[in-house]
Amino acid sequence: MSDGGHTDLAATFRRLIAQHGPMPVSRYMGESNACYYSSRDPLGAAGDFTTAPEVSQMFGEMAGLWLADIWTRAGRPAEAIYVELGPGRGTLARDALRAMASQGLRPDVHLVEGSEALRKVQSGALGGAQFHDTLDTLPEDRPILLLANEFLDALPIRQLAMTEKGWRERMVGLEQGELAFVAGPNPMEDAVPEGQRAAQPGTVIETCPAAAALVEALARRLDVQGGAALLIDYGHLAPRTGSTLQAVRAHEKVDVFAAPGEMDLTAHVDFATLDTIARREGVASMLTTQGAWLTSMGVGLRAQALAKASPSRAGEIKVAHDRLVQPEAMGEPFKCMALTARDWPRGAGFPEGQRRKSET
């Protein structure tokens, strides 16, 4: 197997499709990512991608201070817990918890992580953390202070495509023996919002049932238990059409069929829909860009302080700061969503005017 484990998964997919017909995009993405994340640490120079917490400690510090500020204004409840979804190497948690401790907040740590490979890394970075496969097993009687960075974008999406014969589910099938996108056999008009049903052939719309279910469950917990959540991810704040499914391997974008199980498959997060779901459940929801949020939180001042403390690293710190906040880097493509229980204070750094800012 010269190409690694993906050869087996690609062959498995081809065999399944040949026997049973095309599979939904959601199944292809879900099974590919399950294989990918279960077998490796995908982060860093030796991995496939780098996340904001790995770029600089400033990112995690701002997130930790954001939670600590809300906790303080909520009356400093002693029983609050820290929860992180998909904690990677534990870098975000380590930096956030250090910043929280500076404000007197030292919560129990609960990590939602399905990968045994990453759990081992996280255990080394965060002694005493409790692990969960899903939100379901988190304590139900304590306020939640939650972070999720680049978690939602890896959840499997469903795609619907407008064809000459009407709306169909976009599937993964075989063309000349190779994996390819094909149209499903069944009409799907009923699954398409009424305002989009007359779209031009070739139009693709995406939904992410897993992200919708997670935000709904999280909002219900916050409503009952109290607390706040900060979700940061690649995505859009306004409704849009078009396929956003992409694959990354060794820090390069590759074809989404190039190596299933050996590459990271992601899609843009539809924050507009998640905002609607959260509000429907009764929690406060606010949206902005990563750059605007970090800047409002004072990341520029933190960068200056770090540079003053370590003059030899001043250039490196400026590069990291700019990568996090500049629009052409991570500042605009990445968005922030704040959820707070209805009787808890609102989070800092989310100007009202940017809640529905439209962007590409």
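Points worth noting:
- So residue 344, is it assigned to a loop (DSSP other than H, G, I, E, B) and either modelled with pLDDT of 95 or more or out of contact with any Ser or Thr (no Cβ under 6 Å at 6 or more places or on another chain) (or both): yes
- Some residue of region 161-183 being assigned to a loop (DSSP other than H, G, I, E, B), open to solvent by 10 Å² or more (accessible area, probe 1.4 Å), under 30 Å from residue 100 (Cα atoms) and not basic (Lys, Arg): no
- Residue pairs whose Cβ atoms lie under 8 Å apart, separated by 6 or more positions or on different chains, with the first residue in region 304-318 and more than 19 Å from residue 54 (Cβ to Cβ) and the second part of a helix (DSSP H, G or I) and of a type outside the set (A, V, I, L, M, F, W, C), are 307/313; 307/318.
- The listed residues are 329, 303, and the only one of them that is over 30 Å from residue 206 (Cα atoms), of a type in the set (A, V, I, L, M, F, W, C), out of contact with any strand residue (DSSP E or B) (no Cβ under 8 Å at 6 or more places or on another chain) and outside any strand (DSSP E or B) turns out to be 303.
- In region 115-160, residue farthest from residue 240 (Cα to Cα) [restricted to those that are β-branched (Val, Ile, Thr) and surrounded by fewer than 22 Cβ atoms within 10 Å (Cβ to Cβ)]: 121
- Test: residue in region 98-108 that is open to solvent by 30 Å² or more (accessible area, probe 1.4 Å) and part of a strand (DSSP E or B): yes
- In this entry, residue 289 is excluded by the filter for residues that are surrounded by 16 or more Cβ atoms within 10 Å (Cβ to Cβ), in contact with an Asp or Glu (Cβ under 8 Å, 6 or more places away or on another chain) and closer than 30 Å to residue 180 by Cβ.
- Region 32-80, subset of a type in the set (Val, Ile, Thr) and modelled with pLDDT of 80 or more, residue farthest from the chain's Cα centre (by Cα): 72
- Test: residue 358 is out of contact with any helix residue (DSSP H, G or I) (no Cβ under 8 Å at 6 or more places or on another chain), open to solvent by 40 Å² or more (accessible area, probe 1.4 Å) and either part of a helix (DSSP H, G or I) or modelled with pLDDT of 95 or more (or both): no
- Subset of region 235-270 that is over 25 Å from residue 291 (Cα atoms) and acidic (Asp, Glu) - its residue that is most open to solvent (accessible area, probe 1.4 Å): 255
- Cβ-Cβ contacts under 6 Å between residues 6 or more apart (or on different chains), taken from a first residue in region 319-335 that is surrounded by 19 or more Cβ atoms within 10 Å (Cβ to Cβ) to a second residue that is assigned to a loop (DSSP other than H, G, I, E, B) and among the hydrophobic types (A, V, I, L, M, F, W, C), are listed as 335/237.
The values are calculated or read from the model by the stated rules, or taken from the named source; none is laboratory data. These numbers come from a predicted model, not from an experiment. With ideal geometry, Cβ positions are generated from the backbone for all residues, glycine too; neighbour counts draw on all protein chains shown. With ligands, DNA and RNA removed, areas are computed over all heavy atoms of the protein, side chains included. Shrake-Rupley method; radii C 1.70, N 1.55, O 1.52, S 1.80 Å.
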